[in-house]
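To start, the structure itself, in structure tokens.
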Amino acid sequence: MLNKLIANILPHMPKKMVWLFSKRYIAGETIEEGLLASKLLNEKGMEITIDLLGEFIETIDEAKDNKDEYIEIITRFTNENIKGNFSLKPTMFGLLIDKEICYNFIREIVELATKKNSFVRIDMEDSQCVDMEIDIFRRLKLEFPANVGLVVQAYMRRTISDLEALNDINSKENPISFRLCKGIYVEAENIAFQGFKEVQQNFLTDLEYMFKNKMYVGIATHDKFLVNESFKLIEKYNVPKSMYEFQMLYGVTPDLRKSILAKKHLMRVYVPYGKQWFGYSTRRLKENPKMAKEIIKALFVRG
């Protein structure tokens, strides 16, 4: 109860105070800080996916600015030989303002990533965005088959149907690439599973479908049960290491991350940075109110 109370109060607290909690989960505000965090993770044997924070913009000018910044990000990170790729949220590029402008901005980003022999993953957002984001992904996948992927959310009731529908663009030469996560947006019961166990089970159902159909999957979870069950499915279907990876958020469950690395599985860390860190941090806290205890530590414990 106390954790949930803190989670609800935090968005109304001064940003400086929230940063005491957030700095563990955000690489920083600048591209230089994002580069530094990524290099350190590479040195520890992990790859990264870089994410510029921000979403649900209000003007096309903001969308263009975000597109230009992503062009700079891809240029800088590839020129400095960072081992990793890139994630983006379509609402940063005007998805809810003008879908076609959004598509063209994202296409320009994916085109550059392709020229740089890199990869862009389209994040999945709330339920109002799902159909549009799948459509954008499908169009880009046909043009850039090896350089674009999609996120799907296990708590969405529709996800298994979406996987089945997208299987038509899956191929041995260019397998479709997903990041499978639980999902964080607040959705109605008829749209998303609400129970913890339900979401876990649906995660495994989706993962098994991907393995059966030889899709590439980023297993994005900090849930030890799901990690262990994923190991079992990998063994059951004899999935080669070239067809999956594990993914975790920057600063979250470092011990579990180390245990996966010790088993010689590819680990990719989602590295968020940018000036729009406040919304990301408060959303993470609402997703996991148990993080409230970390805020208490940050506020009252030195070091």
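Selection of first residues in the stretch 247-261 that are farther than 10 Å from THR221 by Cβ and without any contact (Cβ under 8 Å) to a residue 60 or more places away in the chain and of second residues that are of a type in the set (Asp, Glu) and crowded, with 16+ Cβ neighbours inside 10 Å, restricted to Cβ pairs under 6 Å at least 6 apart or on distinct chains, gives an empty result. Exactly one residue out of ILE73, ILE82, ILE97, ILE48 is at pLDDT 95 or above, of a type in the set (Val, Ile, Thr), assigned to a loop (DSSP other than H, G, I, E, B) and in contact with a strand residue (DSSP E or B) (Cβ under 9 Å, 6 or more places away or on another chain), and it is ILE82. Of the candidates VAL199, VAL186, the single residue that is out of contact with any Leu (no Cβ under 8 Å at 6 or more places or on another chain) and modelled with pLDDT under 95 is VAL186.
The values are calculated or read from the model by the stated rules, or taken from the named source; none is laboratory data. Just so it is clear, the structure is predicted and the values come from calculations on it, not from any experiment. Glycine also receives a Cβ, built like all others from the backbone with ideal geometry; neighbour counts cover every protein chain displayed.
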